[in-house]
Amino acid sequence: MYFRAHFLGWYSDGLVAWHKRTRTWRVYNMSALAEAAGWYDPGTISDPVSNDIYGLVGTPDRIWMGTNGIGIIMLDEHAQRWSRFDVADRPTAGRNSFVRYADDTYVFAWGGGRADAGRHDVPESSYPGLEVYSIQRDTWMRISAVPRVNVSALATNHGIKGIAMGCSQVRYAQAAYVPLRECSTNHPDRIVATDGGAVYEFEREFPAPGISGRFIITRIQLEAAFASQLR
C-alpha cells in the first residue's frame, strides 16, 4: 500500500487513502488502528476516543496527522508502518492534537493538554500548547515563550469589543520573552519554513481586521533548546 499525500483526505470516520496498486480507496479508522496496534484499550477508559483527524501533513517519506485522544499518528510510506507520537502516556478522549507543520527534522503540533484543562484546579502546564517533536532526538518539547525580538506582532484586544486576547503591548514591549498562551499565539494557524529551512514562521489570524500574532523561531534556537532540555 503506497500512498502519496495528495491522494489523502480525512473525514469523521478517519483517514481516506488511495491504494495505487489496486486502484481503490481505503478508510483507516483511527480508533481501530490504535486498538490493533496496542496503543488503545477501550475497556480501560470511560469515554472512547473518536476517529477525528486534525491536520494532515505530508513529507517525502512520512504522513503526519493529529487525532482526538490518540496523539500524533505517522505513516512511514516506504516501510508501510504506523507509529504513534504523543506527549501523554496513553490516549485520552477529548485531548485533541492538531498537526500544523512537518519536515524531515521537526513536527509542530498544537494540543497535548488534558481533556479537563480550563478548570480552576488544573495547573496551567496541563493546558494545550504549541509542541514540537524532534525526529532525530525522538522527544517532545513545549514552546511556552519566545524571545521578544522574534515577535513581529502581538495580538491584543485593546479597543476591540468582544475579542478577548489578553496580551499587553505595553507590558511586553521591552520584555525579554513573550508568553505565547497569554498573547494568543500558542495555537498558530500557519507555520512555514523560510530561508532554506533555517527559520520557522508562525502566524495566528483573528477575525478583526489587521489583528494577528506573528513570531519566528530559528532552527539554531530549536537545536539549542533541545540540547539544553536533554542535559
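A few notes on this one:
- Meets criteria (over 20 Å from Thr139 (Cα atoms) and modelled with pLDDT of 80 or more) for Leu56: yes
- Scanning segment 49-103 for residues that are part of a strand (DSSP E or B), among the hydroxyl-bearing types (Ser, Thr, Tyr) and surrounded by 18 or more Cβ atoms within 10 Å (Cβ to Cβ) gives Tyr54, Thr67, Ser97, Tyr101.
- Count - residues of segment 141-159 that are farther than 14 Å from Cys183 by Cβ, modelled with pLDDT under 90 and part of a strand (DSSP E or B): 0
- Reported count of residues in segment 181-208, each being of a type in the set (Gly, Ala, Ser), in a loop (DSSP other than H, G, I, E, B) and modelled with pLDDT of 80 or more, is 1.
The values are calculated or read from the model by the stated rules, or taken from the named source; none is laboratory data. This structure is a prediction, so every number in the text was calculated from the model and none was measured. In this analysis, Cβ positions are derived from the backbone assuming ideal geometry, glycine residues included, and neighbour counts consider all displayed protein chains.
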